[in-house]
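Read the structure below first, then the notes.
The values are calculated or read from the model by the stated rules, or taken from the named source; none is laboratory data. If you're wondering where the values come from, they're calculated on a predicted model, not measured in any experiment. In this analysis, Cβ positions are derived from the backbone assuming ideal geometry, glycine residues included, and neighbour counts consider all displayed protein chains. Calculation scope for accessible area: heavy atoms of the full protein, side chains included, ligands and nucleic acids excluded. Shrake-Rupley method; radii C 1.70, N 1.55, O 1.52, S 1.80 Å.
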Amino acid sequence: MVMAMKKRPAPEGLDFVPVEGGSDPHIAFGVVRRRIGSGAIQTAPGSVLRRLSPGRKADVAAPWEPTCYRWDVLLPPMAHDDCLDPKRLCEQYEAQACEGLKDLLVMMTIRFPDADRIHAIWEDVRAFARERLCRERNLAVIAAFHLPVQIGSTNPPHVHLMALARELKAYGFADFVRPFAADAGKAMFAAEWAEWQAHQGCTAGI
């Protein structure tokens, strides 16, 4: 049975409210909204670029030059090839936003405190995202792999999976993806990731 989990206030500077609870302490989940309370107005390009270029103040209007360890755009089968450009993909989402659109991105982060072969971690997470998010849910996902040790941080390696919060069809963005893009989404995501690990095996010291 999938249970909704309660929110807590967003930490200062964060663009989403993390959903509390769950049995896996290495998973973080939340939804980037257009605005949280009286906070700043958010955009899909802004939220994605800050993960693609962590620790840098990048201009969303300029050509994107990601600086994270690895990144990729994963698409559902019906999406067009030009959506492989993350800047163009995010701009398309904003261009097709309906009036009053609240949901921008489903933000999923998996941390790997016991990481060994990071190339295997990356491929495992990508395969999971492609199957469970892109093929089964028709979501476009931008993945960003961070290695904090590269900037002297002791935080563990982690992968951000940023799913634009509407299904992507051949003609553009369509249906909303609630309840996945809501508090209940954390339990859904965590259960599917646990199931994936159990069936696929863990080869990267996760």
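Brief remarks follow.
- Meets criteria (under 23 Å from S53 (Cα atoms), of a type outside the set (D, E) and under 12 Å from the mean Cα position of the chain (by Cα)) for L104: yes
- Residues of segment 167-199 satisfying the condition of being among the aromatic types (F, W, Y) and over 15 Å from the mean Cα position of the chain (by Cα): Y171, F173, F176, W196
- The residue that is nearest to F189 (Cα to Cα), counting only those in segment 81-110 that are hydrophobic (A, V, I, L, M, F, W, C) and exposed (fewer than 14 other Cβ atoms within 10 Å of the Cβ), is C98.
- Any pair with Cβ under 9 angstrom, 6 or more apart, that starts in segment 164-187 at a residue that is over 17 Å from A44 (Cα atoms) and ends at one that is of a type in the set (F, W, Y): F180/F189; D183/F29; G185/F29; K186/F29; A187/F29
- Of the residues making up segment 23-33, one or more are closer than 17 Å to V106 by Cβ, touching an Asp or Glu at 6+ places or on another chain (Cβ under 8 Å) and open to solvent by 20 Å² or more (accessible area, probe 1.4 Å).
- Any hit, segment 83-105, residues being under 18 Å from L161 (Cα atoms), free of Cβ contacts under 8 Å to residues at least 60 places away in the same chain, not in a helix (DSSP H, G or I) and not small (G, A, S): yes
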